[in-house]
Ligand code: PEP
Ligand code: MG
């Protein structure tokens, strides 16, 4: 038995299950030249791999269209021909021939101007990995395929991995890297999956299937627990469930302090399922709909109609405030179908509103869909990562253009739709007074604001102890933002994870925060805190 203590818990809960090690195996080619006699053997290896990849993809294609497209590419003549001619004419072994073919094809797509064609480069590379795994006889892990109870242990998890998780089977998450405001933590919290992140080196000392108990209340992981420890964990689990049912009983009460101040409690969500999970928490609305998850769950940029259907369903599900944040992709959030060039500093790079403003058609598609959905509920638009008035005005201008188009087309929308912005960059704090004159509301994004103000990566374990939204610089920034908003009579909310931290409630109330928006999993705890203040 081995125990590991973890300083910070990222999503509460107690879990016990076998480990599922989520590790991408080494898929680089064993590269060498072959003799003429070896040629046919290498060709045979390729044909066998192709058969297996096709079988695999046929099964997957029944569930998801993206794999039907992958199957077509895998069986395409150009692809096979590229590999076979490298084996036959260039005496390359099959793994090297495959690697070179994949890279050549991916680069062709990469260099195309049409965004749709560009996106295919990522598909080609993915298919290449599938072939290589067959050739090397290794298994690639896939969270979407898990159909038994497990605790996932990974170096790190990215939003594109976590969107595939089924909480019925994934009982817990442990990652070596990551911080409590990294996106894996946020997603775990909204799905109600216990998570401990940034625990340090672990994978190398574990085997798949080894028993693990995790206490994401106290911050404890136990590997191969003995009988006494299992009993102890079962007791903790029982206590945890009792506390949960007590908190559940409090839900019927509105969030009012003992001296009568009514606090607006909202949820952060990424999709319709999250809204369904959040509504029973008796929330006052959705303070943040992370629309990028809709893009990540797809195999293509979702069309206006596809987005409209989702936003409309969200507005109907949640007739109270529904704040849809426009696409915040980039940073650690990638799209499987769009190749972002590798950046030295992705969190300081091509991200969020910068991408939207550079890809105007795509941005308009989203704005039109949100506007159309505003005819079905109390929808608000929110722009992420704004650093200048020019950006805000450009986004606003495009929104007005979309409104004019919809008007001409006779399509319904809310002409008085509120337009707000996230305050999550130091520049937006410095200009908060100016911004407050031009928007209907602010929402403070402490996850990014903390990392940008303190120059501390939100997902880097090595600096996790320096990452704190209680740092006086962050607190002073929050005070300044709230004062600037109130001076112009606009509401100031917070959708960063600080809003879901019971230890921050008193401070934020004192600073005058109007709305707390958090991962739904935290709402019960915040309500309890408010009721006792
Ligand atoms: C934030 O930065 O605080 C925020 C809410 O946005 P995200 O976590 O999606 O970057
Ligand atoms: Mg952010």
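The values are calculated or read from the model by the stated rules, or taken from the named source; none is laboratory data. Here the structure is a predicted model, which is why all the values come from computation and not from measurement. When we count neighbours, we look across all protein chains shown, and the Cβ atoms used for this are built from the backbone with ideal geometry, even at glycine.
Could we say that residue 52 is surrounded by fewer than 18 Cβ atoms within 10 Å (Cβ to Cβ) and modelled with pLDDT under 90 here? Judged against the criteria, residue 52 is not a match.
Condition check for residue 463 on (1) modelled with pLDDT of 95 or more; (2) out of contact with any helix residue (DSSP H, G or I) (no Cβ under 6 Å at 6 or more places or on another chain); (3) outside any loop (DSSP other than H, G, I, E, B): one failure, at (1). Please work out if residue 180 is out of contact with any strand residue (DSSP E or B) (no Cβ under 7 Å at 6 or more places or on another chain), farther than 20 Å from residue 25 by Cβ and buried (at least 18 other Cβ atoms within 10 Å of the Cβ). Judged against the criteria, residue 180 is a match.
May I ask you to say which residue of 144, 106, 121 is under 22 Å from residue 335 (Cβ atoms) and out of contact with any helix residue (DSSP H, G or I) (no Cβ under 7 Å at 6 or more places or on another chain)? Steps first, please.
Numbers: 106 fails: out of contact with any helix residue (DSSP H, G or I) (no Cβ under 7 Å at 6 or more places or on another chain); 121 fails: out of contact with any helix residue (DSSP H, G or I) (no Cβ under 7 Å at 6 or more places or on another chain).
Going through 144, 106, 121 in turn, just one is under 22 Å from residue 335 (Cβ atoms) and out of contact with any helix residue (DSSP H, G or I) (no Cβ under 7 Å at 6 or more places or on another chain): 144.
Here's a check for you: in the range 439-454, which residue that is away from ligand 2 (no atom under 14 Å from the Cβ) and touching a strand residue (DSSP E or B) at 6+ places or on another chain (Cβ under 9 Å) is farthest from residue 347 (Cα to Cα)?
Applying the first criterion (away from ligand 2 (no atom under 14 Å from the Cβ)) to the range 439-454 yields 439-441, 454.
After this cut, where a residue has to be touching a strand residue (DSSP E or B) at 6+ places or on another chain (Cβ under 9 Å) as well, the list is 439-441.
Values: 439: 25, 440: 27, 441: 24 Å.
Looking at residues that are away from ligand 2 (no atom under 14 Å from the Cβ) and touching a strand residue (DSSP E or B) at 6+ places or on another chain (Cβ under 9 Å), I get 440.
Quick one: how many residues across the range 406-431 are away from ligand 2 (no atom under 16 Å from the Cβ) and farther than 26 Å from residue 365 by Cβ? Write out each step before concluding.
So in the range 406-431, the residues away from ligand 2 (no atom under 16 Å from the Cβ) come out as 406-419, 430-431.
Going one step further and asking which of them are farther than 26 Å from residue 365 by Cβ, we end up with 430-431.
Number of matching residues: 2.
Does residue 409 satisfy the condition of being in the same structural domain as residue 385 (by TED's automatic domain parsing), away from ligand 1 (no atom under 15 Å from the Cβ) and more than 25 Å from residue 348 (Cβ to Cβ)? Walk me through how you get there before you give the answer.
Working: in the same structural domain as residue 385 (by TED's automatic domain parsing): yes; away from ligand 1 (no atom under 15 Å from the Cβ): yes; more than 25 Å from residue 348 (Cβ to Cβ): yes.
So residue 409 fits the description; yes.
Any residue in the range 524-531 that is under 20 Å from the mean Cα position of the chain (by Cα) and either in the same structural domain as residue 395 (by TED's automatic domain parsing) or within 16 Å of ligand 1 (Cβ to nearest atom) (or both)? The answer is no, given that none of the residues of the range 524-531 is under 20 Å from the mean Cα position of the chain (by Cα) and either in the same structural domain as residue 395 (by TED's automatic domain parsing) or within 16 Å of ligand 1 (Cβ to nearest atom) (or both).
Checked against (1) in contact with a strand residue (DSSP E or B) (Cβ under 7 Å, 6 or more places away or on another chain); (2) touching a residue at least 24 places away in the same chain (Cβ under 8 Å); (3) outside the structural domain of residue 206 (by TED's automatic domain parsing), residue 86 passes all but a single condition, namely (2).
This table checks each residue for (1) within 16 Å of ligand 1 (Cβ to nearest atom); (2) under 19 Å from the mean Cα position of the chain (by Cα).
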position: 291; (1), (2): yes, yes
position: 301; (1), (2): no, yes
position: 305; (1), (2): no, no
position: 318; (1), (2): no, no
position: 329; (1), (2): yes, yes
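Annotation note: of 341, 299, 328, the sole residue that is modelled with pLDDT of 95 or more, outside the structural domain of residue 157 (by TED's automatic domain parsing) and assigned to a loop (DSSP other than H, G, I, E, B) is 328. Working only within the range 252-264, note down all residues that are surrounded by 15 or more Cβ atoms within 10 Å (Cβ to Cβ) and either at pLDDT below 95 or part of a loop (DSSP other than H, G, I, E, B) (or both). If the condition is that a residue be surrounded by 15 or more Cβ atoms within 10 Å (Cβ to Cβ) and either at pLDDT below 95 or part of a loop (DSSP other than H, G, I, E, B) (or both), then 255, 257, 263 are the ones that fit. For the range 500-519, a residue qualifies if it is in a helix (DSSP H, G or I) and within 14 Å of ligand 1 (Cβ to nearest atom), and the qualifying residues are 500, 504, 508.
Residues checked against (1) surrounded by fewer than 17 Cβ atoms within 10 Å (Cβ to Cβ); (2) outside the structural domain of residue 393 (by TED's automatic domain parsing); (3) within 16 Å of ligand 1 (Cβ to nearest atom); (4) closer than 27 Å to residue 262 by Cα:
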| residue | (1), (2), (3), (4) |
| --- | --- |
| 443 | no, no, yes, yes |
| 448 | no, no, yes, no |
| 451 | no, no, yes, no |
| 454 | no, no, yes, no |
| 458 | no, no, yes, no |
| 478 | no, no, yes, yes |
| 490 | no, no, no, yes |
| 498 | no, no, yes, yes |
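Would a scan of the range 100-123 turn up a residue that is more than 23 Å from the chain's Cα centre (by Cα) and surrounded by 23 or more Cβ atoms within 10 Å (Cβ to Cβ)? Spell out the reasoning first.
Applying the first criterion (more than 23 Å from the chain's Cα centre (by Cα)) to the range 100-123 yields 100-114, 117.
Now restrict to residues that are surrounded by 23 or more Cβ atoms within 10 Å (Cβ to Cβ): 101-102.
For the range 100-123, residues more than 23 Å from the chain's Cα centre (by Cα) and surrounded by 23 or more Cβ atoms within 10 Å (Cβ to Cβ): present.
One residue alone among 45, 27, 21 is in a loop (DSSP other than H, G, I, E, B), touching a residue at least 60 places away in the same chain (Cβ under 8 Å) and either surrounded by 15 or more Cβ atoms within 10 Å (Cβ to Cβ) or at positive phi (or both), and that residue is 27.
Listed by position, the strands (runs of 3 or more DSSP E) enclosed by the range 361-454 that each have at least 3 residues that are under 21 Å from the mean Cα position of the chain (by Cα) and in contact (Cβ under 8 Å) with a residue 24 or more places away in the chain are 379-383, 418-423.
Might you check whether a residue that is farther than 26 Å from residue 347 by Cα and assigned to a loop (DSSP other than H, G, I, E, B) occurs anywhere in the range 169-187? Checking the range 169-187: at least one residue is farther than 26 Å from residue 347 by Cα and assigned to a loop (DSSP other than H, G, I, E, B). Within the range 351-360, being more than 16 Å from ligand 1 (Cβ to nearest atom), part of a helix (DSSP H, G or I) and in contact with a helix residue (DSSP H, G or I) (Cβ under 8 Å, 6 or more places away or on another chain) holds for 357, 360.
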